[in-house]
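The block underneath contains the structure these notes are about, expressed in structure tokens.
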Amino acid sequence: MLVRQFTENDAESFYSLAKEFYSSGATKRDYDQAIAEKTFHQVTSKHENLWGYFITDLEEQVVVGYALITSYWCHEENGNVIVLDELFISPSFRHKGFGKRFLSWLETEFHDKAVAITLDVLSTNVVAKELYNKAGFLPDAFVTFTKNI
């Protein structure tokens with residue numbers, strides 16, 4: 001497995017995978033091309049706390065998924081918290097260890113830059129919850145409240 005950051009030439013690959021992710025039932029919203037374009041622009045413009053990564057199967061030399069990572073300072077945690085905003089592995093490459101290996105890579109990559117990794121998952125997404133539990137992520141007893149502004 002290879003993990004690499006998005007480059008300017010990766011727009012169509014990102015849009016295709018994001019559209020697949022947003023059609024998978026793992027999100028509350030439908031895919032929006034304008035939002036995907038804005039996100040891609042932010043990532044490739046080197047936004048200060050937004051990173052995009054492709055996950056590649058080295059054996060087949062094909063991109064199998066992507067992740068969007070962001071961060072924030074948390075007083076309670078006493079440091080930077082990495083947020084796994086989106087993680088998507090294409091269905092034909094699931095159950096082959098890519099998600100597990102990416103989570104391990106993420107922990108190693110950000111070990112000296114953050115004190116914690118957090119993520120959210122729809123309560124109905126049983127498969128994702130199993131993956132995250134096996135990787136050592138535990139529910140933190142917080143409930144996320146959101147108000148769009």
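The values are calculated or read from the model by the stated rules, or taken from the named source; none is laboratory data. Just so it is clear, the structure is predicted and the values come from calculations on it, not from any experiment. Cβ: placed from backbone, ideal geometry, glycine included. Neighbour counts: every protein chain shown. These area figures cover heavy atoms from the full protein model, side chains too; ligands, DNA and RNA do not enter into them. Shrake-Rupley method; radii C 1.70, N 1.55, O 1.52, S 1.80 Å.
In a residue-by-residue description of the range 109-117, the property of being surrounded by fewer than 15 Cβ atoms within 10 Å (Cβ to Cβ), over 17 Å from K28 (Cβ atoms) and without any contact (Cβ under 8 Å) to a residue 24 or more places away in the chain applies to at least one position.
Is it true that some residue in the range 18-39 is under 16 Å from the mean Cα position of the chain (by Cα) and more than 28 Å from S123 (Cα to Cα)? So far as the range 18-39 goes, no, none of its residues is under 16 Å from the mean Cα position of the chain (by Cα) and more than 28 Å from S123 (Cα to Cα). Please work out which one of (1) among the hydroxyl-bearing types (S, T, Y); (2) open to solvent by 30 Å² or more (accessible area, probe 1.4 Å); (3) not in a helix (DSSP H, G or I) is the condition S104 fails and give its number. With (1) among the hydroxyl-bearing types (S, T, Y); (2) open to solvent by 30 Å² or more (accessible area, probe 1.4 Å); (3) not in a helix (DSSP H, G or I) applied to S104, the lone miss is (3).
Aromatic (F, W, Y) and without any contact (Cβ under 8 Å) to a residue 40 or more places away in the chain: does that describe F98? When the stated conditions are applied, F98 does not pass them. Do we have F40 as in contact (Cβ under 8 Å) with a residue 24 or more places away in the chain, over 24 Å from G97 (Cβ atoms), among the aromatic types (F, W, Y) and open to solvent by less than 30 Å² (accessible area, probe 1.4 Å) here? Answer is yes for this residue. For the range 1-101, the strands (runs of 3 or more DSSP E) that sit wholly inside it and include 1 or more residues that are more than 28 Å from A114 (Cα to Cα) are 62-74. When E77 is tested against (1) surrounded by fewer than 19 Cβ atoms within 10 Å (Cβ to Cβ); (2) charged (D, E, K, R); (3) within 16 Å of the chain's Cα centre (by Cα), only condition (3) is not met.
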